[in-house]
Amino acid sequence: MNLPVENDSGEEVFDVVDRLDQVIGQAPRSRVHEQGLLHRAVHVFVFNSRGQLLLQRRSASKDEYPLRYTSSASGHLETGESYLEAAIRELKEELGLDGGLEYQTTLPAGPATANEHSALYVLHSDTTPVFDPIEILDGQYLDLSTVRQQMEREPDVFTPPFRELLRWFLDHNR
């Protein structure tokens, strides 16, 4: 189990990576985001047996994209953590869920993904999620067609990484 690495002020420290997703150093969360340094994140799409996708709305206290809709669970990798380890951890922390995750893809870091190499996993589950109130304001299951239509009408209500991951998912799962 990896313990979060923190600096002297208690701030999370992330691995900074290059365009090929190779670790080139570490930096505090605030510096990574302020300077647009490339780093790693994981996203999980949770689908129920009706094929609906669980979307969460980020809490107002989030430092990036507060109150926007995003993946069912998502977060940064801790220093030295694998994408799969982070997906399992985030799913448990944010939704109280676990189960067999299916790897989908990793999109490269760039402006469209908030400078995050973004790995996507899928979980199929009918277990009722328990939202972490610090991370998540609320959430709901929606049909993919509804999410797609809403994203076309109002793209800015969704986080940029989620928009990119959903586009990829829809293009590759017809």
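Annotations
- Extension gain for residue 130 to residue 49 (0.36 nm times residue separation, less C-alpha to C-alpha distance): 27.4 nm.
- Rounded to 5, the percent of DSSP beta bridges in segment 41-172 classed as antiparallel: 70
- Exposure proxy ranking, count of Cβ atoms within 10 Å, fewest first, for 68, 40: 68, 40
- Size of the chain as Cα extents on the principal axes (Å, biggest first): 45, 29, 29
- P(r), alpha carbons of segment 100-154 - 5 Å bins starting at zero, rounded %: 4, 13, 11, 19, 32, 19, 2
- Working from Cα pairs under 8 Å separated by at least six residues, relative contact order for segment 41-172 is 34 percent.
- Compared with the dominant Cα axis of the chain, that is its longest principal axis, helix 83-95 is turned about 60°.
- Theoretical gain in end-to-end length, residue 144 to residue 173 [0.36 nm per residue, Cα-Cα removed]: 9.3 nm
- With contributions of -39500 (n - 2.57) from each DSSP H run of at least four residues, the per-residue ellipticity at 222 nm computed over the chain stands at -7500 deg cm²/dmol.
- Charge context of residue 108, other residues only, Cβ under 9 angstrom, K/R +1, D/E -1: 0
- Potential lengthening between residue 152 and residue 35 on full extension [0.36 nm per residue; Cα-Cα distance subtracted]: 39.2 nm
- Packing-based order for 82-94, 146-158, using average beta carbon neighbours within 10 Å, highest first: 82-94, 146-158
- When +1 charges are put on Lys and Arg Cβ atoms and -1 charges on Asp and Glu Cβ atoms, the dipole computed for the chain relative to its Cα centre reaches about 660 debye.
- A quarter of the convex hull surface defined by the alpha-carbon atoms of segment 47-148 gives 6.6 nm² as the mean projection.
- Rounded to the nearest 10 degrees, the angle from helix 160-172 to the longest Cα principal axis of the chain is 50 degrees.
- Distance between the modelled labels on residue 60 and residue 20, one decimal in nanometres: 4.6 nm (7 Å Cα→Cβ projection).
Computed from the coordinates by the stated procedures, all read-outs in this text should not be read as laboratory data. Model, not experiment: these values are computed from the prediction. Cβ sites come from the backbone with ideal geometry, for glycine too, and all protein chains shown count toward neighbours.
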